[in-house]
Amino acid sequence: MPKGILYDEQAIAGPKNFLHPETKSLVSWKEVKQVWKNLHANPELRKKLRPEINDSWERSYLYNVPHDMREITHHFCSKSEFKIALENSKYLMETAIPVMERLLEFVKGTGFVVALCDVNCVSLKIIGDKDSLDWSKRANLVEGTIWTEEKVGTNGLPLCISLVKPISVYAYEHFGLVSIMAASSFAPIVYNGRVIGSIGMVAPYERVSHHTLGMSVAAADHIQSTMVLNRISKYHQVITDSMSDGVMVADINGTITYMNDKCAMILGFGSNNVIGSTIHSIFGKNPKNQFFINLVTQGQTVTDDYVVLYHGKNQVRCHITCTPLHSSNPTDMGSVIIFRESDRINTIVGKWIGRSAKMTFADVIGKNSKIQETINIAKTTSQSDSNVLLLGESGTGKDIIAQAMHNESPRKNNPFLAINCAALPRELIASELFGYEEGAFTGAKKGGNVGKFELANQGTLFLDEIGDVPLDLQVSLLRVLEEKSVMRLGGNNLIPVNVRIIAATNKNLEEEIARNRFRSDLYYRLGVIRLTIPPLRNRRDDIPLLAEHFLRLICQRFGQPLKRMTPQAIQALLNYQWPGNIRELQNVLEGAVQLSPGEEIDNGFIANYLGLEDSVLPAIPAVQEIQAEPAALKDKPEQTSEDELLMIEKILKKNKYNKSKTAEDLGISRQCLYRRLHKYNLL
């Protein structure tokens, strides 16, 4: 018992051998009761009690608790209230009762009962041997009683909970007569940062021992630790069961000690419980699994290695991460293996890469009948799985049409991968398209590599510049298209793939076939649907519309005010043949936005950029038409050379021969001004 228990010879009528309650008491019941009476009669005497006991007595007086009551039958829970209390403390009781039973084994025959109470001071469970339980009934300590300070005054249970610390209360320290025959030691049970109950040991006061409080504290700690471990275990279970990856744990002998549901599904075990089985018994029958068995049993560390496991007739393609379990105890050693389905990884990677398919048919600008016809056919064929061959000159927007077809198709939520066959070295095209196994060639990555066909599974693969694929690779490509499966380089297993092919080229494949540079059977397989994208020169009526669209996007990208083109500049665009098609137009306008001064792009800049002759440029306005803002005259009708000369001279003088300012006022480029100055010998 804690030190500080009252002993005052003048205040307490008792024998000279009155002992501290931490030792076995020699105090008689008569003497205990007399001390208790003296405490109620003398407030000054109560101040010698421990502060927490004295404070509780004062509160008990404020609560008007009758201190001389002998029974507390009116402080029982009703049946419905006790049922609710038990239900609310169900987890506490499930965890605590085994601890209480274990504790009882040590105190059996000593007269102690072990009590479990909830945070509301309701006694939930009382256990003990027959004699101790008979005593607890006489002491009113039975299940369903309420021991709050407001109802029965000072006792160990409410003090333990309110102070959130272990405490012992001895005989006459109790406020009520009903409790002074007992001594108790209670410790709070704290879970998730709050008190949820308490556990204690209660016995007749003469049985008290200084070990009692420590045993109660140890029991409370045991309950709290068990709850924390249970919570961690449940978290681990929920986490592993919610993972999209399979988790397996095997000990040093290869015996499976844990496996989550996802792992069982990936490996094809279904509802069969394989925990307790060995890796050897499950996978050892097929020698091809030896690599995996060695990883697990030899404690090797690998990360995302590609393996093919053979379980019966099933082949399981997955990536595994194996991490050894190290321990000073050899029996605790083993490995944790994470299984990731290859198809799922390929889908995730493919979707990530597939974000490049941003274009839709709304991004295809043009009202020309030829491009509209192309768009309509492309929209219609987007719904099928037939291979598509896009034909057209470089820069006509074949890649945009391919992306738009993918985003219009049922495969739009699956990967879109694009590969430029002309940009890859000849020896790398096969490995990029089909992938390779580890050790397939010198420099091959450990674990192999996934090919674009696998990554694009369930989606679309855009093969740009298909006309540049070497003849020997065309055979392999044709086989994939016919069999709808790929075989990695260095591998011997066919991997099923469901991919729609959209191919594109700026070459005349029929001429390539005639020259034996392209296989005719591949041409017909790819060209189930053939779309020819018209060049820009055949849809000149779309040039102003395209120019306006690109200018808006380019100015927005560079954070510049929207620029406009003069009618003469638009005419210059219309007069140009555009060998680079839409891509060239976009590049010209991007250069114009960054290099041309002012808010307008004039014909001089366009002509100079495209290398056009001066003849396409309008002449400079006449002298008579000069106003306060000469630049406003740049769209006036053509005048004679003499008028042009006078105009240039006048503007030069006005600008003090500043040629940049003169060119700006005249509405022409500096290069064009220099050509005019040279023409009139004004340099």
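The values are calculated or read from the model by the stated rules, or taken from the named source; none is laboratory data. All of these numbers come straight from a predicted model, not from anything done at the bench. Cβ atoms come from the backbone with ideal geometry, glycine included; neighbour counts cover every protein chain shown.
Go over the candidates CYS322, CYS318 one by one and state the one that is at pLDDT below 85 and among the hydrophobic types (A, V, I, L, M, F, W, C).
Residue meeting the stated conditions: CYS318.
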State the number of residues belonging to the range 246-277 that are hydroxyl-bearing (Ser, Thr, Tyr) and over 18 Å from VAL316 (Cβ atoms). 3
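Hey, any hits in the range 222-243 for a residue that's part of a loop (DSSP other than H, G, I, E, B) and either of a type outside the set (S, T, N, Q) or outside the structural domain of PRO166 (by TED's automatic domain parsing) (or both)? Outline the logic, then answer.
The initial filter retains those residues of the range 222-243 that are part of a loop (DSSP other than H, G, I, E, B), namely 243.
Narrowing further to those that are either of a type outside the set (S, T, N, Q) or outside the structural domain of PRO166 (by TED's automatic domain parsing) (or both): 243.
Yes: one or more hits.
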Options GLY268, GLY276, GLY284, GLY254: the member that is at pLDDT below 85 and at positive phi: GLY268
Among GLY448, GLY459, GLY467, GLY490, which is buried (at least 22 other Cβ atoms within 10 Å of the Cβ) and among the small types (Gly, Ala, Ser)? GLY459
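Of the residues ASN346, ASN289, only one is at pLDDT 85 or above, surrounded by 12 or more Cβ atoms within 10 Å (Cβ to Cβ), within 28 Å of GLY435 (Cβ to Cβ) and not β-branched (Val, Ile, Thr); which? Before you say what the answer is, go through the steps one by one.
On the way: ASN346 fails: at pLDDT 85 or above.
Of the residues listed, the single one that is at pLDDT 85 or above, surrounded by 12 or more Cβ atoms within 10 Å (Cβ to Cβ), within 28 Å of GLY435 (Cβ to Cβ) and not β-branched (Val, Ile, Thr) is ASN289.
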If you go through the range 40-96, how many residues are surrounded by 14 or more Cβ atoms within 10 Å (Cβ to Cβ) and of a type in the set (Val, Ile, Thr)? 4
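For the range 561-577, state whether one or more residues are among the hydroxyl-bearing types (Ser, Thr, Tyr), under 29 Å from LEU391 (Cβ atoms) and modelled with pLDDT of 90 or more.
So in the range 561-577, the residues among the hydroxyl-bearing types (Ser, Thr, Tyr) come out as 566, 576.
Right, trim to under 29 Å from LEU391 (Cβ atoms) and you get 576.
After this cut, where a residue has to be modelled with pLDDT of 90 or more as well, the list is none.
Looking through the range 561-577, none of the residues is among the hydroxyl-bearing types (Ser, Thr, Tyr), under 29 Å from LEU391 (Cβ atoms) and modelled with pLDDT of 90 or more.
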What's the total number of residues in the range 356-390 that are more than 20 Å from LEU585 (Cβ to Cβ), of a type in the set (A, V, I, L, M, F, W, C) and surrounded by 19 or more Cβ atoms within 10 Å (Cβ to Cβ)? 4
Residue count, the range 106-138, condition at pLDDT 95 or above, out of contact with any helix residue (DSSP H, G or I) (no Cβ under 7 Å at 6 or more places or on another chain) and of a type in the set (Lys, Arg), comes to 0
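Return the only residue of GLU427, GLU432, GLU408, GLU438 being under 34 Å from the mean Cα position of the chain (by Cα) and without any contact (Cβ under 8 Å) to a residue 24 or more places away in the chain. Give the steps one after another, and end with the answer.
On the way: GLU427 fails: under 34 Å from the mean Cα position of the chain (by Cα); GLU408 fails: without any contact (Cβ under 8 Å) to a residue 24 or more places away in the chain; GLU438 fails: without any contact (Cβ under 8 Å) to a residue 24 or more places away in the chain.
Step by step, each of GLU427, GLU432, GLU408, GLU438 is checked, and only GLU432 is under 34 Å from the mean Cα position of the chain (by Cα) and without any contact (Cβ under 8 Å) to a residue 24 or more places away in the chain.
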Contact list, first residue from the range 216-242 and surrounded by 11 or more Cβ atoms within 10 Å (Cβ to Cβ), second anywhere and of a type in the set (S, T, N, Q) and at pLDDT 85 or above, beta-carbon distance below 6 Å, six or more apart or interchain, is SER216/SER185; ILE223/THR95; THR226/THR95; MET227/THR95; THR240/ASN260; ASP241/ASN260
List the residue pairs whose Cβ atoms are under 7 Å apart, where the first residue sits in the range 151-180 and is among the basic types (Lys, Arg), the second is surrounded by fewer than 22 Cβ atoms within 10 Å (Cβ to Cβ) and assigned to a helix (DSSP H, G or I), and the two are 6 or more positions apart or on different chains. LYS151/HIS75
All positions within the range 87-109 that are part of a helix (DSSP H, G or I) and either touching a Lys or Arg at 6+ places or on another chain (Cβ under 9 Å) or among the polar types (S, T, N, Q) (or both): ASN88, MET93, THR95, ALA96, ILE97, MET100
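Before we move on, is THR396 of a type in the set (Ser, Thr, Tyr) and closer than 20 Å to ARG525 by Cα? First the steps, then the outcome.
Working: of a type in the set (Ser, Thr, Tyr): yes; closer than 20 Å to ARG525 by Cα: no.
Taking the combined requirement at face value, the residue does not satisfy it.
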Are there any helices (runs of 4 or more DSSP H) wholly within the range 123-208 with 3 or more residues that are in the same structural domain as HIS75 (by TED's automatic domain parsing) and surrounded by 22 or more Cβ atoms within 10 Å (Cβ to Cβ), and if so which? 156-163
Taking the range 459-491, which residues are more than 34 Å from the chain's Cα centre (by Cα) and in contact (Cβ under 8 Å) with a residue 60 or more places away in the chain? ILE466, LEU481
Determine if the range 506-520 includes at least one residue that is among the hydroxyl-bearing types (Ser, Thr, Tyr), free of Cβ contacts under 8 Å to residues at least 24 places away in the same chain and in contact with a helix residue (DSSP H, G or I) (Cβ under 8 Å, 6 or more places away or on another chain). yes
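Quick test for you: out of LEU116, LEU104, LEU92, LEU124, pick the one residue that is of a type outside the set (Gly, Ala, Ser) and farther than 22 Å from ILE161 by Cα. Working first, answer last.
Numbers: LEU116 fails: farther than 22 Å from ILE161 by Cα; LEU92 fails: farther than 22 Å from ILE161 by Cα; LEU124 fails: farther than 22 Å from ILE161 by Cα.
Selected residue: LEU104, the only one of LEU116, LEU104, LEU92, LEU124 that is of a type outside the set (Gly, Ala, Ser) and farther than 22 Å from ILE161 by Cα.
Kindly evaluate LYS3 against the criterion of being at pLDDT 85 or above, over 15 Å from THR154 (Cα atoms), basic (Lys, Arg) and surrounded by fewer than 16 Cβ atoms within 10 Å (Cβ to Cβ).
Numbers: at pLDDT 85 or above: no; over 15 Å from THR154 (Cα atoms): yes; basic (Lys, Arg): yes; surrounded by fewer than 16 Cβ atoms within 10 Å (Cβ to Cβ): yes.
For LYS3, the condition - at pLDDT 85 or above, over 15 Å from THR154 (Cα atoms), basic (Lys, Arg) and surrounded by fewer than 16 Cβ atoms within 10 Å (Cβ to Cβ) - is not met.
Would you tally the residues in the range 523-582 being hydroxyl-bearing (Ser, Thr, Tyr) and farther than 22 Å from LYS398 by Cα?
Within the range 523-582, the first condition is being hydroxyl-bearing (Ser, Thr, Tyr), and the residues that meet it are 523-524, 532, 566, 576.
Now narrow it down to the ones that are farther than 22 Å from LYS398 by Cα: 566.
Counting residues in the range 523-582 that are hydroxyl-bearing (Ser, Thr, Tyr) and farther than 22 Å from LYS398 by Cα gives 1.
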If you take the residues of the range 626-683 that are in a loop (DSSP other than H, G, I, E, B) and in contact with a Lys or Arg (Cβ under 9 Å, 6 or more places away or on another chain), which of them is modelled with the highest pLDDT? ASN655
So the check is Cβ under 7 Å with 6+ separation or different chains; which pairs have a first residue in the range 586-612 that's closer than 11 Å to PHE550 by Cβ and a second one that's of a type in the set (Lys, Arg)? VAL593/LYS563
